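All of the numbers you see were taken from the coordinates with simple rules; none came from a lab. No experiment lies behind these values; they were computed from the predicted model shown. A quick note on method: Cβ atoms are made from the backbone with ideal geometry, for glycine too, and the neighbour counts reach across all protein chains shown.
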Amino acid sequence: ETGVTQTPRHLVMGMTNKKSLKCEQHLGHNAMYWYKQSAKKPLELMFVYNFKEQTENNSVPSRFSPECPNSSHLFLHLHTLQPEDSALYLCASSQDTGREKHYISYEQYFGPGTRLTVT
Amino acid sequence: SQQGEEDPQALSIQEGENATMNCSYKTSINNLQWYRQNSGRGLVHLILIRSNEREKHSGRLRVTLDTSKKSSSLLITASRAADTASYFCATDARNTDKLIFGTGTRLQVFP
């Protein structure tokens with residue numbers, strides 16, 4: 001678990017607040033991901049970054065804004081969230097996304113997640 | 001949309017028994033992965049099986065893949081209480097690099 005860290009681990013915020021989630025990977029990977037995990041729903045991919053470039057935005061509302069300043073750090077900026085945005089937000093990294101190598105998939109390493117509650 | 005669906009949704013067994021979980025998906029894949037998640041924590045990668053492989057082993061884990069039936073199974077032999085967790089399959093469709101996760105199987109192993 002220490003390969004990918006996430007802070008904070010728990011966050012309670014009001015609908016008018018602005019907060020940020022942080023993810024850091026110490027594995028030398030090139031790709032990083034944000035996922036949302038809600039109760040009784042499949043893990044939802046939100047964003048993918050490869051070599052700091054966003055390669056995937058899975059129709060995520062604009063109240064979620066990702067930022068990837070370098071290959072080791074990934075942020076998720078939150079503003080004017082809704083109660084239904086309450087979930088576990090997971091960050092992951094992988095060696096690559098596979099897109100450059102005929103879509104060979106790589107295993108993903110996950111952080112422990114941030115449990116977000118929107119009141 | 002392509003999605004792995006695990007079966008059963010929940011499974012309870014005694015220590016020492018074997019646990020089998022199944023995953024079905026809809027479209028052709030590059031490969032299939034299995035992950036484990038302890039309650040409220042991040043996922044841990046268990047095993048990756050490529051579309052041209054039929055069976056793979058890792059310790060007490062055995063994964064099979066049947067691309068003709070678009071299904072995979074995860075077998076945990078001689079289960080332990082510490083195996084209690086949710087288990088997810090994840091697939092990637094051909095010509096994409098996105099992993100699509102299923103809803104998971106919740107495994108409870110009683111001492």
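Observations on the model:
- Residue of B:31, B:22, B:52 that the Gaussian network model of chain B assigns the largest fluctuation, springs spanning Cα pairs under 10 Å: B:52
- Extension gain for residue B:82-residue B:17 works out to 22.1 nm (0.36 nm per residue, less the C-alpha to C-alpha distance).
- Shielding of B:35-48 by partner chains, average beta-carbon count, 10 Å: 5
- Take the Cα radius of gyration of the protein assembly as shown and divide it by 2.2 N^0.38 Å, N being the number of residues; the result is 1.01.
- Computed over chain A: relative contact order in percent, which uses C-alpha pairs under 8 Å that are six or more apart: 36 percent
- Two-decimal ratio, segment B:1-106, of alpha-carbon radius of gyration to 2.2 N^0.38 Å: 1.01
- Near residue B:80, once Lys and Arg are set to +1 and Asp and Glu to -1 for all other residues with Cβ below 12 Å from its Cβ, the sum equals -2.
- Only Cα pairs under 8 Å and 6+ residues apart enter the sum, and on that basis the relative contact order of chain B stands at 38 percent.
- Each of the peptides A:36-46, A:56-66 was scored by the mean count of other Cβ atoms within 10 Å over its residues; in descending order, highest first, they stand as A:36-46, A:56-66.
- Three-way shape label, chain A, alpha-carbon gyration tensor, a/c 1.5: prolate
- Isolated Cys in chain A, by beta carbon distance under 4.7 Å: A:68
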